[in-house]
Amino acid sequence: MPGRILGFDFPSPLLRPVPEKKRSASSVRSDDSRPDSMEHLRRPHFGKSHSHDKKDKDGRRESSLSRQAARHIKLDMVVESPPVLFLDSPQHSSGSLFSGRMQLVVTGAAPAAIKSFNLIFRAITSTKRPVGDHCKDCASKTTDLKEWNFLDNNAELSTGNHDFPFSYLIPGHLPTTAHGHIGSIDYKLFARAETVNGEVAEYIRPVVINRAIRPGNDKNSVRIFPPTNLTLNVTLPSVIHPIGDFPVYARMSGITTKKEDTQIRWRLRKLTWRIEEQEKFVSPACPKHMAKVGGEGRGIQHEHTRDIGSDDLKSGWKTDFADGQLEGEFTASIDSGLKPQCDVDSPSGLKINHVMVLELVIAEEWAPNKKPNQATPTGAARVLRTQFNINVTERSGMGIAWEDEQPPLYEDIPASPPSYRIEINDYDGSELNEDVDQLRLS
């Protein structure tokens, strides 16, 4: 039909009635303001009310005014101490000294009256698997460790930069900064300044805390694999760092069992090592979702394990069937691209530890004692699997704690200023009497 376009029926122009000459002004205005029949398809929002645009503009205008008001004061921080590093274990660490200067800059021409100005050092423990879904109280927990109140009682500050020094001895038993697959621990400095006019300036600075265990003697471990006579001795470093490699020495004894005319021996075919990062986190519940875990003080434990380094070795060891042992040394390392975490054991529920897993594939052989080189595989094989706990920590550098540091001493300068010899002698000359008045200083 000529009057049907895109599924819509329109009256034919030949049958359209002729409008009357005498029409009211109101009806003419209503016809002129009526949108075209196809206008709602080309512009879906045509003819709709846009009263919310004014509200959005007003909201943007109010937010812009508040941002302009906050520019009258600014906050900044200058850290004077080195990066925070705990030495030794949490039980023996003396902590680390953190110091700096908090800067409040008054940018306005007139002095600013500060209602309050404080700084808070906080520890934040968060999890990706909270007890209550989309619950901020279950997903994060904040603890204030230290607070500084710099200004109050409407103190006036002139235009310019004003420094406020601060320092804090961070206790060494605190857990270090960690970002695991399930939970994380962060430390941040929160600064807030408020004027009497209601202007608020805030400043947030993260503080990364690391721990370094000073290296000691290598660890020797022994593993026995019954029902065989095989014994494995492994030597590992006392500490392992996320960046860099480390040597591993292994020696296996008891690989040969001799009889009267024959001998049974084990040959190492393949050695596989891998480093596993094991993470555990207990997600606590907020008071609102406490009933899901059975009461206060309880939570849900989550576990996650991943490999942060592995390799397969098919050679590189020496075998001595006469002595019945084999030995070898290989180099292992952690893949830094996987962002490995150091060992953490936090009272808040996060625990990260590392183990090194060794898998040895051995095959059984039979050989006569007179011709030991003519060995015949029996077809039997075993897979020996064992693991060793390793301590992953940051590098200790010079290994000097903050309380052991002292100013430099030079060889040519004594430790203290020199002492002066004091002597007073009596006057043995003649009496001055009247000649004293004639004495003059020239």
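Where a number appears in this text, it was derived from the coordinates with a stated rule and is not lab data. From a predicted model like this one, the values you see are computed outputs, not experimental measurements. Here Cβ is always computed from backbone atoms with ideal geometry, including for glycine, and neighbour counts include all displayed protein chains.
Here are some notes:
- Exposure proxy shown here: for Ile213, Ile124, Ile352, the number of other Cβ atoms within 10 Å sets the order, fewest to most, as Ile124, Ile213, Ile352.
- Inter-part distance, region 117-156 to region 87-105, computed on C-alpha centroids, equals 18 Å.
- Environment charge of Glu327, counting only residues whose C-beta is closer than 13 Å and scoring Lys/Arg +1, Asp/Glu -1: -1
- Euclidean distance between Cα centres, region 174-253 to region 334-386, Å: 23 Å
- Out-of-range pairs (alpha-carbon distance over 31 Å; input Lys141/Lys219; Lys280/Lys318; Lys146/Lys351; Lys219/Lys259; Lys314/Lys351; Lys74/Lys128): Lys141/Lys219; Lys280/Lys318; Lys219/Lys259; Lys314/Lys351; Lys74/Lys128
- Taking the number of Cβ atoms within 10 Å of each Cβ as an exposure proxy, the fewest-first ranking of Asp323, Asp88 is Asp323, Asp88.
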